Amino acid sequence: MSVLIRQEILSFIEAKTLVFTPALDQFQVQPHAVDLRLGYKFLIPRNWTVDEKGRRAIKVAIDDIETHQEQFDEVQLQPGQYFELLPNEFVIGTSLEKIELNAMDLMGVLFPRTSTNRRGIDLSLSGIIDTGYKGHLIFPMQNEAGNQVIRIYPGERVCQILFQKLNQPLTPMEANLHGLTAAKYTESGSQTFQLDKESERQLLIQGKLEDLKKNFRL
């Protein structure tokens, strides 16, 4: 695989085989990458609730988001507002841009910008953006700047995508097949995260890794 340079990225955008909504500006296109801007929506994990017993700790693991939506508060900012990331706080941010990879021989790899890391913001990134993906991206973010509050603004460039051409194109069916089932995020419009396949998760929870390998042999 080869990494696309600026002119190739612009050619893909002109041909609409690579689409950004809203469109990119001159600050975002780098010699061999594209910077993404932070969006207006944030999800904040909440470790407490108030019920008939009082203010009570939520002791459910964060990966049970599908069942326990109340564990996350959603913050939707407006233009001109900012978001203060508290010391050691973990939140989920979203990309301003919706991205569409319409070329069947194109994929992306997501990395944090070094300037973001230097501010003390840990973006737990190096994820793959699959061929055929359409939607916004999510950014797990944590303040690791000691006791400092970090103020961030929607529209800041926080991470970057390297685009790579595959050795040969995939069919739409091949691009959408992840393991045994369809991709979790493609064209879902989701700006949260989703769990892995339930059949896989249940065997892992029960400690039956050998059964998983046996039942789902490649």
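Rule-based calculations on the coordinates, nothing more; no lab input. This one's a predicted model, so the numbers in the text were calculated from it and none came from an experiment. Cβ: placed from backbone, ideal geometry, glycine included. Neighbour counts: every protein chain shown.
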- Query: Taking Rh as the Kirkwood radius computed over C-alpha pairs, what is the Stokes-Einstein D of segment 1-51 at 10 °C in a medium of viscosity 1.306 mPa s, expressed in µm² per second?
  - Reply: 116 µm²/s
- May I ask you to sort Glu8, Glu198 by Cβ crowding, counting other Cβ atoms within 10 Å and putting the fewest first? Glu198, Glu8
- Query: What's the FRET efficiency of Phe72 with Asp105 using the Cβ-Cβ distance as r and R₀ = 45 Å, to the nearest 0.05?
  - Reply: 0.80
- Note on the structure: Ranked from fewest to most other Cβ atoms within 10 Å of their own Cβ, Ile92, Ile9 fall in the order Ile92, Ile9
- Note on the structure: Among Lys16/Lys165; Lys98/Lys165; Lys165/Lys214, the pairs whose Cα-Cα distance exceeds 23 Å are Lys165/Lys214
- Note on the structure: Per the rule of 0.36 nm per residue minus the C-alpha distance, extending Glu144 to Val3 adds in nm 47.7 nm
